[in-house]
1. Keeping every protein chain present and rolling a 1.4 Å probe, give me the accessible area per residue for the chain in Å².
2. Going by average Cβ neighbours within 10 Å, how do the peptides 60-68, 48-56 rank, with the highest at the top?
3. Determine, for each peptide in 16-24, 103-111, the mean count of other beta carbons within 10 angstrom over its residues, then list the peptides with the highest first.
4. For Ser118 and Val9 in the same chain, what is the full-extension length gain: residue separation times 0.36 nm, less their Cα-Cα distance, in nm?
5. For the ranges 92-99, 38-45, what's the packing order if you count other beta-carbon atoms within 10 Å of each residue, average per peptide, and put the highest first?
6. Relative to the longest principal Cα axis of the chain, at what angle does helix 27-37 sit, 0 to 90 degrees, rounded to 10?
7. In square nanometres, what is the average projected area of the Cα convex hull of the chain?
8. Using a 1.4 angstrom probe on heavy atoms only, work out the carbon and sulfur share of the accessible area of the chain in %.
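The values are calculated or read from the model by the stated rules, or taken from the named source; none is laboratory data. If you're wondering where the values come from, they're calculated on a predicted model, not measured in any experiment. Positions of Cβ are generated from backbone atoms using ideal geometry, with glycine treated the same way; all protein chains shown enter the neighbour counts. Heavy atoms of the whole protein, side chains included, go into the accessibility calculation; ligands, DNA and RNA do not. Shrake-Rupley method; radii C 1.70, N 1.55, O 1.52, S 1.80 Å.
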Amino acid sequence: MKTAFNNEVASPIQRQAMNESVNGISNRWSAACEQATGYNPQSLGYSMNITSPNDSYLTSIGARSAIQGSSITIGHTADIPHELGHIPDRVEGKVKADTVIAGQAVCTDQTLEARADSYGDAIKSAYDRLG
Ligand SMILES: [Zn+2]
């Protein structure tokens, strides 16, 4: 049986499969974030560590998941779209510390949290469409 495969095609596609990841962020989540917010976390140098809610860093700041600098720490995978949803405000310089928890500067601005929820919903929808 002959196949359509031709290895001399003029312009072969090179791709990153959706299930591959860079610095812990899957290509699918990264593409979803870019579609929903315009920002690609892989290109911006973000990393993601999926751990447990009992992670000592997370428990020290009383969080289930968090984003600090370019590091995203996920204690519960349902939080991934919300944490990615913080990236636009961070890139745009809108995140300022307003309290200190266990010696760490923390931003608790509820307006920004609501915006991360909203972006997160859009990111999750994009993620589902890419599936
Ligand atoms: Zn948040």
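1. 61 Å²
2. Answer by packing, highest mean first, reads 60-68, 48-56.
3. Sorting 16-24, 103-111 by mean packing, highest first, produces 16-24, 103-111.
4. The Ser118-Val9 span can extend by a further 34.9 nm.
5. My ranking of the peptides, most packed first, is 38-45, 92-99.
6. 70 degrees
7. 10.6 nm²
8. 48 percent
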